[in-house]
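The values are calculated or read from the model by the stated rules, or taken from the named source; none is laboratory data. All figures in this text were calculated on a predicted structure; none of them were measured in a lab. As a convention, Cβ positions derive from the backbone with ideal geometry for all residues, glycine included, and neighbour counts pool all protein chains shown.
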Amino acid sequence: MLSYIIKRIGQAIPTLLIVITVSFFLMRLAPGGPFDGERQLPPEIEANLMAAYHMDEPLWQQYVRYLDGIAHGDFGPSFKYKDFSVTDLIWQGFPVSLTLGAWAMLVALIIGLPLGIIAAIKRNSAVDYLVMGIALGGIAVPSFVIAPILALVFGVILAWLPAGGWHDGALPNLVMPVAALALAQIAAIARLMRASMIEVLGSQYIRTARAKGLTPTEVILRHALRPALLPVLSYLGPAIAAIVTGSVVIEQIFGLPGIGRYFVQGALNRDYTLVMGVVVFYAILIIVMNLIVDLLYSVLDPQIRYD
Amino acid sequence: MKATTSLLGTLLFSASVASLAFTSQQAEARTLQMGLGGELASFDTSQVAGGVWEAQVLMDVFEGLVKKDPKGNLLPGMATDWVVSKDGKTWTFRIRSNAKWSDGTPVTADDFVFGWQHMLDPKNASKYAFMLYPVKNAKAINEGKPAPDTLGVKSLDDGNTFQVTLNEPVPYFEELMTHFTAYPLPKHTVEKYGTDWVKMSNIVTNGAFTPTDWVSQSSIKTVKNPDYYDARQVALDGIVYNNIENLNAMVSRYRGGQLDIAHSHGFPVTQLKSLKRTLPEDTHTAPWLGNEYYVLNQREGEPTADLRVRKALSLAIRRDILAEKISQGAFDATTAFVPSGIHGYQPQSNDELSKPYAERLKEAKELMKEAGYSPEHPLNLHLRFNSDDWNRSNAVAISSMWQPLGVKTELDNTEATVHYQSIARGDFDVARAGWVADYNDPQNFLTLMETGVGNNYGAYSNNEYDKLMQQAAATMDQGKRYQLLEQAEKLAMDDYAVIPLLTQVSRNLVNPHINGWEDNISDDHPSRWISFDK
């Protein structure tokens, strides 16, 4: 097991290097630069800025400089948020996105899994259609529609909850963003769970379990649940990585200081170092999440062994 | 005995009045929750990007030699008084003797000398350094030639007097002294902490408020600066600046009671009508020193290098539709380049643009025919704008207004960085642009049409215009100077140098229980004047 983990980490390094290289050059290929704005800068000022950010050096030299920085854990200064380094920004924003994402995932699992199981058991019944109908709605209605509606109803009209803001993660500030984030995940998880549960319920060993005289609850919990969870699990790895790195839409609408906004803001501002920092961070997170999922597989499925 | 009782009674009474006054003062003082449409780039003014929201935070925590009242009128700030030499080139400011940084250290002329040198030091790569270029040697220093200590500024009289030497007289110099580029820098902490002086644990400021906490993308918290010379007159305990880029979210948070002021910009254009109906007391709109215009590319070989084409394009536009239908009153129609509202200056426009629409259209068609275009031989134009719903609506409307002239318009929309890079390179026929004044003076707008200026995207060039601008720059008498500038503007408008479209309107939401807020042309609202009703 340990040797497997070490091997995977070894494989991760070239993956990361490719991610860094591709995104570094793609970013630079995009037209427009960090200093292009509404106001044309006088040439001497532009030259000063280029020099301050080493952008007057050849591209390969900048690339080497960047790699060297990363190797020393330094993502460089942000082009836009001058009083913070990229590392500062990520460490300030990540706990916010992580809190939100973790809550949303937890809520989604607690609601989505039972819904999927119920729909699978009551397949093609009114309950199934109702659950799947709601799930389809959850997937189809984008968060940029749900979030403002929630804010309007609960934040403005009823005024039960704050319409936005973070307040150091106070519970009332968390409710709406978590609900908006969880909705799509509930739907996705319920659908996946239903499909895989139906498949498992049709297999030979479930028939055997039933023939042994086990109650339907026992059959589901003891025999069907574990194998049925496998597809959900492989979905969860990347989904968790995505959800804890923040949602641009939710963060914008509720004014939350997570790192999701940096993806879009950074790209629009051509804030090269910030975008790179977030991309590298995201890549690392995905690699780690996938590794964890693969390890959990061996727990759930005895056929999988990594030794 | 009687006397004693009454004395005791008076004492007791006055004590109770005093405590009453104390409690009511406490109840009045509050932290102001302000929503801003963007985030400050840095508390180091040399690193600021120039957003209007940045100016708001900076004017609350720092103060220059001159400051503004709620209406935008100039008042003495860090300087109590000043004199200007006869040739208009030397300004001498006396620094306020009780001016202090928030750690109690006195603010001296050395802090100004240090701050201005810091702003112009090429190593600091300040985007806004050019604002100080009127100061002797400033431009050369920023270009990296002489050392920063050769700048034309001096600390005299043990730091009690600050003297500035200019290259040329600058008529709007006092106004310039309120800009963030002219703020002092706390020399003692910068020397101690280096670039870390801006960290929340180290920062000191000389304004009415001082920052204590900053969560990027969320909020900046400030508290009243007890060492501010006028602290007793400052009503608020502090201000929280909430960074809310999404303007619909800004409105929700204001309506939900989380914000006292939603500023720069407080709400989206599309919500103006409904807000005026539902929150008439809170919704503030006022003329603002900003314009919205179309740049005409006048480089050689461009169809818009032809005056007839430029004139026809401008004549055919129905500005009233843009202002009333598309912008719903959040912008005003204009045929001049300089927005109105600068005291003593009369914006100039071309009279032909105020003729009835039918006449204008007829003339425009004829002009296009003369220039060799007609619906059968259409003129193909590329109209560039930066991606935005409102920009798109305007572009679509204008291109349909041009259709009867035989103009086929292709809309090119790109994100802002690409847009400005492209138009700076001249890669367009017609392009959207806008300008918000850095200082309250027509020169700040008119310079955009001078030959060789970076923001003159259309490369308009007229010797006579340039000459008038130079003459105006050398004229100290405000009345005469404005006349020269008016002549220049008239000339450019007669040349159809650009297509003026709209002037900006500031949009703010302000709690009706707030005092000390006055709508003004610069949309500057220093929070030190703000208080809440009792």
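Considering each of A:Gly255, A:Gly277 in turn, give the residue that is within 12 Å of another protein chain (Cβ to nearest Cβ) and not β-branched (Val, Ile, Thr).
Numbers: A:Gly277 fails: within 12 Å of another protein chain (Cβ to nearest Cβ).
Of A:Gly255, A:Gly277, the one residue that is within 12 Å of another protein chain (Cβ to nearest Cβ) and not β-branched (Val, Ile, Thr) is A:Gly255.
Quick one: count up the residues across region B:33-59 that are at the interface with chain A (Cβ under 9 Å from one of its Cβ atoms), among the acidic types (Asp, Glu) and either closer than 20 Å to A:Gly165 by Cα or part of a strand (DSSP E or B) (or both).
Of the residues in that region, 1 qualify.
Anything in region A:159-173 that is in a helix (DSSP H, G or I) and either within 14 Å of chain B (Cβ to nearest Cβ) or among the β-branched types (Val, Ile, Thr) (or both)? List them, or say none. I'd like the intermediate steps shown before the answer.
Taking region A:159-173 as the starting set, the residues that turn out to be in a helix (DSSP H, G or I) are A:167-169, A:171-173.
Hits for region A:159-173 are A:His167, A:Asp168, A:Gly169, A:Pro172, A:Asn173.
Within the bounds of region A:241-253, is there any residue that is closer than 30 Å to A:Gln92 by Cβ and acidic (Asp, Glu)? Full working, then the answer.
So in region A:241-253, the residues closer than 30 Å to A:Gln92 by Cβ come out as A:241-253.
After this cut, where a residue has to be acidic (Asp, Glu) as well, the list is A:251.
Looking through region A:241-253, at least one residue is closer than 30 Å to A:Gln92 by Cβ and acidic (Asp, Glu).
B:Ala459 versus (1) farther than 24 Å from B:Arg299 by Cβ; (2) surrounded by fewer than 19 Cβ atoms within 10 Å (Cβ to Cβ); (3) of a type in the set (A, V, I, L, M, F, W, C): which is the lone unmet condition?
Condition (1) is where B:Ala459 drops out.
When only residues in region B:402-448 that are at the interface with chain A (Cβ under 10 Å from one of its Cβ atoms) and assigned to a strand (DSSP E or B) count, which is farthest from the chain's Cα centre (by Cα)?
In this case the residue turns out to be B:Thr414.
Can you name every residue in region A:81-97 that is aromatic (Phe, Trp, Tyr) and facing chain B (nearest Cβ under 7 Å)? Show your work before the answer.
Pass one, region A:81-97, residues aromatic (Phe, Trp, Tyr): A:81, A:84, A:91, A:94.
Hits for region A:81-97 are A:Tyr81, A:Phe84.
To keep it simple, each residue is scored yes or no on (1) farther than 30 Å from B:Met250 by Cα; (2) hydroxyl-bearing (Ser, Thr, Tyr); (3) touching a strand residue (DSSP E or B) at 6+ places or on another chain (Cβ under 7 Å).
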site: A:Leu109; (1), (2), (3): yes, no, no
site: A:Leu115; (1), (2), (3): yes, no, no
site: A:Asp128; (1), (2), (3): yes, no, no
site: A:Ser143; (1), (2), (3): no, yes, no
site: A:Gly169; (1), (2), (3): no, no, no
site: A:Gln185; (1), (2), (3): no, no, no
site: A:Met193; (1), (2), (3): yes, no, no
site: A:Met197; (1), (2), (3): yes, no, no
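Does region B:275-326 hold any residues that are part of a strand (DSSP E or B) and farther than 23 Å from B:Tyr357 by Cβ, and which are they? Break it down stepwise before answering.
Of the residues in region B:275-326, the ones part of a strand (DSSP E or B) are B:283-296.
Answer for region B:275-326, where residues must be part of a strand (DSSP E or B) and farther than 23 Å from B:Tyr357 by Cβ: B:Thr283, B:His284, B:Thr285, B:Ala286, B:Pro287, B:Trp288, B:Leu289, B:Gly290, B:Val295.
Only one of A:Gln265, A:Gln252 is free of Cβ contacts under 8 Å to residues at least 24 places away in the same chain, in a helix (DSSP H, G or I) and crowded, with 18+ Cβ neighbours inside 10 Å. Can you tell me which? Before the answer, list the steps.
Working: A:Gln265 fails: free of Cβ contacts under 8 Å to residues at least 24 places away in the same chain.
Checking each option against the conditions leaves just A:Gln252.
Do we have A:Ile118 as modelled with pLDDT of 90 or more, under 22 Å from A:Leu233 (Cα atoms), in contact with a Gly (Cβ under 8 Å, 6 or more places away or on another chain) and assigned to a helix (DSSP H, G or I) here? Before you say what the answer is, go through the steps one by one.
Values: modelled with pLDDT of 90 or more: yes; under 22 Å from A:Leu233 (Cα atoms): yes; in contact with a Gly (Cβ under 8 Å, 6 or more places away or on another chain): no; assigned to a helix (DSSP H, G or I): yes.
Judged against the criteria, A:Ile118 is not a match.
What are the residues in region B:467-512 that are in a loop (DSSP other than H, G, I, E, B) and free of Cβ contacts under 8 Å to residues at least 24 places away in the same chain, if any? Steps first, answer last, please.
Step one: list which residues in region B:467-512 are in a loop (DSSP other than H, G, I, E, B), which gives B:474-477, B:495-497, B:511-512.
Within region B:467-512, B:Asp477 is the sole residue that qualifies.
When you go through A:Ser247, A:Ser298, A:Ser203 one by one, which is the residue that is closer than 30 Å to A:Lys7 by Cα and either of a type outside the set (A, V, I, L, M, F, W, C) or within 14 Å of chain B (Cβ to nearest Cβ) (or both)? Show your work before the answer.
Numbers: A:Ser247 fails: closer than 30 Å to A:Lys7 by Cα; A:Ser203 fails: closer than 30 Å to A:Lys7 by Cα.
Unique residue meeting the criteria: A:Ser298.
Mind counting the residues in region A:1-10 that are exposed (fewer than 11 other Cβ atoms within 10 Å of the Cβ) and either assigned to a helix (DSSP H, G or I) or without any contact (Cβ under 8 Å) to a residue 12 or more places away in the chain (or both)? Can you show your working first?
So in region A:1-10, the residues exposed (fewer than 11 other Cβ atoms within 10 Å of the Cβ) come out as A:1-3, A:6, A:10.
Next, from what is left, pick out any that are either assigned to a helix (DSSP H, G or I) or without any contact (Cβ under 8 Å) to a residue 12 or more places away in the chain (or both): A:2-3, A:6, A:10.
Number satisfying all stated conditions: 4.
With respect to B:Asp230, is the statement that it is out of contact with any strand residue (DSSP E or B) (no Cβ under 8 Å at 6 or more places or on another chain) and of a type in the set (Asp, Glu) true?
Details: out of contact with any strand residue (DSSP E or B) (no Cβ under 8 Å at 6 or more places or on another chain): yes; of a type in the set (Asp, Glu): yes.
Answer is yes for this residue.
Residues checked against (1) buried (at least 22 other Cβ atoms within 10 Å of the Cβ); (2) more than 19 Å from the chain's Cα centre (by Cα):
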| residue | (1), (2) |
| --- | --- |
| B:Gln470 | no, yes |
| B:Ala488 | yes, yes |
| B:Tyr496 | yes, yes |
| B:Leu509 | yes, no |
| B:Asp519 | no, no |
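Could you list all residues from region B:227-253 that are closer than 20 Å to B:Thr80 by Cα and without any contact (Cβ under 8 Å) to a residue 40 or more places away in the chain? Reasoning before the result, please.
Taking region B:227-253 as the starting set, the residues that turn out to be closer than 20 Å to B:Thr80 by Cα are B:227-234.
Listed by number, the residues that qualify are B:Ala231, B:Arg232.
From (1) within 14 Å of chain B (Cβ to nearest Cβ); (2) within 24 Å of B:Phe43 (Cα to Cα), pick out the condition that doesn't hold for A:Phe75.
Exception for A:Phe75: condition (1).
Quick one: in region B:245-261, which of the residues that are assigned to a helix (DSSP H, G or I) and at the interface with another protein chain (Cβ under 7 Å from one of its Cβ atoms) is farthest from B:Pro280 (Cα to Cα)?
First, the residues of region B:245-261 that are assigned to a helix (DSSP H, G or I): B:247-255.
The next check asks that each one be at the interface with another protein chain (Cβ under 7 Å from one of its Cβ atoms); those that pass are B:248-249, B:252-253, B:255.
Numbers: B:Asn248: 18, B:Ala249: 19, B:Ser252: 16, B:Arg253: 17, B:Arg255: 13 Å.
Here the answer is B:Ala249.
Of the numbered conditions (1) of a type in the set (S, T, N, Q); (2) under 24 Å from the mean Cα position of the chain (by Cα); (3) away from chain A (no Cβ under 14 Å); (4) at negative phi, B:Ser264 fails exactly one; give the number of that condition.
(4) is the only condition that B:Ser264 fails.
Give the residues of region B:69-108 that are small (Gly, Ala, Ser) and either over 27 Å from the mean Cα position of the chain (by Cα) or under 28 Å from B:Ala437 (Cα atoms) (or both), sorted by residue number.
Here is the first cut: in region B:69-108, the residues small (Gly, Ala, Ser) are B:72, B:77, B:79, B:85, B:88, B:97, B:99, B:102, B:104.
Hits for region B:69-108 are B:Gly72, B:Gly77, B:Ala79, B:Ser85, B:Gly88, B:Ser97, B:Gly104.
Would you check which residues across region B:197-244 are within 14 Å of chain A (Cβ to nearest Cβ), hydrophobic (A, V, I, L, M, F, W, C), more than 16 Å from A:Gln92 (Cα to Cα) and in contact with a Leu (Cβ under 9 Å, 6 or more places away or on another chain) and list them?
Listed by number, the residues that qualify are B:Trp197, B:Val240, B:Ile244.
Out of A:Gly137, A:Gly69, A:Gly101, I need the residue that is of a type in the set (Gly, Ala, Ser), over 30 Å from A:Asn269 (Cβ atoms) and more than 14 Å from every other protein chain (Cβ to nearest Cβ). Which one?
Numbers: A:Gly69 fails: over 30 Å from A:Asn269 (Cβ atoms); A:Gly101 fails: over 30 Å from A:Asn269 (Cβ atoms).
On inspection, the qualifying residue turns out to be A:Gly137.
Tell me the residue from A:Val86, A:Val22, A:Val64, A:Val107 that is surrounded by 18 or more Cβ atoms within 10 Å (Cβ to Cβ) and of a type in the set (A, V, I, L, M, F, W, C), please. Step through it out loud before you land on a result.
Numbers: A:Val22 fails: surrounded by 18 or more Cβ atoms within 10 Å (Cβ to Cβ); A:Val64 fails: surrounded by 18 or more Cβ atoms within 10 Å (Cβ to Cβ); A:Val107 fails: surrounded by 18 or more Cβ atoms within 10 Å (Cβ to Cβ).
A:Val86 is the lone residue from the list that is surrounded by 18 or more Cβ atoms within 10 Å (Cβ to Cβ) and of a type in the set (A, V, I, L, M, F, W, C).
One residue is enough: does region A:56-70 have a residue meeting the conditions assigned to a loop (DSSP other than H, G, I, E, B) and within 30 Å of B:Met131 (Cα to Cα)? Show your work before the answer.
Initial filter on region A:56-70 (assigned to a loop (DSSP other than H, G, I, E, B)): A:56-58.
Among the residues that remain, those that are also within 30 Å of B:Met131 (Cα to Cα) are: A:56-57.
Yes; the residues of region A:56-70 include at least one that is assigned to a loop (DSSP other than H, G, I, E, B) and within 30 Å of B:Met131 (Cα to Cα).
Under 9 Å between Cβ atoms, which residue pairs at least 6 apart in sequence (or on different chains) link something in region A:232-243 that is in a helix (DSSP H, G or I) with a partner that is among the hydroxyl-bearing types (Ser, Thr, Tyr)?
Every condition considered, the pairs that remain are A:Val232/A:Ser196; A:Leu233/A:Tyr297; A:Ser234/A:Tyr297; A:Ala241/A:Tyr282; A:Ala242/A:Tyr282; A:Ile243/A:Ser97.
Checking the condition hydrophobic (A, V, I, L, M, F, W, C) and over 21 Å from B:His188 (Cα atoms), which residue from B:Val84, B:Val107 passes?
On the way: B:Val107 fails: over 21 Å from B:His188 (Cα atoms).
From the options B:Val84, B:Val107, the qualifying one is B:Val84.
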